[in-house]
Structures are given as structure tokens and as C-alpha cells.
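Single-structure report; data block below.
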Amino acid sequence: MLFHVHMTVNIPLDLDKTYVDDLKAKEKELSQELQRQGKWTHIWRVAGKYANVSIFNVASAGELHDILMSLPLYPFMAVEVTALCQHYSSVKNEEEAH
Ligand SMILES: O=C(O)C[C@H]1C=CC(=O)O1
């Protein structure tokens with residue numbers, strides 16, 4: 001199942017810089033591992049914002065939920081999830097969309 005996920009990060013300015021840098025490093029490591037596994041298939045920075053637009057390809061909404069909850073920066077994120085399905089005009093084959 002494909003999901004469009006919009007993540008906006010809001011880290012309080014008074015948090016310890018070393019702690020924040022550690023969270024960001026852990027977030028990057030997990031994000032890249034999920035990308036290598038083919039679960040986090042796209043990640044794009046939203047220009048001008050501390051936000052990203054991502055596509056996840058996972059087995060279920062439950063799996064996506066567990067992944068999002070496990071992100072080190074999750075406590076500082078506003079997350080919007082949109083489930084995606086095949087568009088009837090798409091030339092991509094169904095394998096890619098499911
Ligand atoms: O920077 C972000 O957009 C937040 C988060 C998502 C992946 C990652 O490495 O950090």
C-alpha cells in the first residue's frame with residue numbers, strides 16, 4: 001500500500017543542541033535504512049520549510065503507523081497521511097501502485 005506523508009518538524013529552540021543533533025542523526029540513519037528496505041520510497045524537502053513530503057510503500061496502515069511512531073523526531077512532528085491507490089489514467093502497472 002502506498003501512502004503520501006507530509007511531515008513538518010517543530011523542534012523547540014531551547015532544547016539542548018547535542019540532544020537535537022543526536023536525534024537528527026538517529027532519524028537519518030533509520031530513514032535511510034527504511035529507504036534501503038524499499039519502504040520509504042521517496043523523500044523530498046519542502047522548499048523553504050523544515051518539512052518533507054514522502055512516499056511509503058508498506059503492507060498496511062498499521063505498519064506505516066508503527067514506522068512513524070518509531071521515528072526519533074516523531075515527538076516534534078506534525079504528520080499528515082494520505083492513502084494512495086491506482087488512478088485509472090495511470091500508465092504505471094498495478095504492481096507499482098500496490
Ligand atoms: O528532516 C526531515 O524532514 C525530518 C526527518 C525525516 C527524515 C529525516 O532524516 O529527518
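The values are calculated or read from the model by the stated rules, or taken from the named source; none is laboratory data. Remember, predicted model here, so these are calculated numbers, not experimental data. Every residue, glycine among them, receives a Cβ derived from its backbone with ideal geometry; neighbour counts consider all protein chains shown. To get the accessible areas, we keep the full protein, side chains included, count just its heavy atoms, and leave off ligands, DNA and RNA. Shrake-Rupley method; radii C 1.70, N 1.55, O 1.52, S 1.80 Å.
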For residue 65: the one exception among (1) without any contact (Cβ under 8 Å) to a residue 24 or more places away in the chain; (2) loosely packed, with under 11 Cβ neighbours inside 10 Å: (2)
When residues of region 13-26 are limited to those that are closer than 20 Å to residue 67 by Cβ and either in a loop (DSSP other than H, G, I, E, B) or in contact with a Leu (Cβ under 9 Å, 6 or more places away or on another chain) (or both), the one most open to solvent (accessible area, probe 1.4 Å): 26
Given (1) among the charged types (D, E, K, R); (2) assigned to a loop (DSSP other than H, G, I, E, B); (3) free of Cβ contacts under 8 Å to residues at least 12 places away in the same chain, index of the condition residue 33 fails: (2)
Single match in 94, 29, 80 (criterion: modelled with pLDDT under 95, open to solvent by 90 Å² or more (accessible area, probe 1.4 Å) and out of contact with any Ser or Thr (no Cβ under 6 Å at 6 or more places or on another chain)): 94
Residue in region 5-12 that is open to solvent by less than 40 Å² (accessible area, probe 1.4 Å) and assigned to a loop (DSSP other than H, G, I, E, B) present: yes
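Pick from region 61-92 the residues that are among the polar types (S, T, N, Q) and outside any loop (DSSP other than H, G, I, E, B): which of them is farthest from the ligand (Cβ to nearest atom)? Don't jump to the end; show me each part of the working.
So the first thing to find is which residues in region 61-92 are among the polar types (S, T, N, Q), and the list is 70, 82, 86, 89-90.
Adding the requirement that they be outside any loop (DSSP other than H, G, I, E, B) leaves 70, 82.
Working: 70: 12, 82: 17 Å.
Filtering first and then ranking leaves 82.
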Residue check for residue 41: of a type in the set (Ser, Thr, Tyr) and either under 14 Å from residue 76 (Cα atoms) or within 14 Å of the ligand (Cβ to nearest atom) (or both): yes
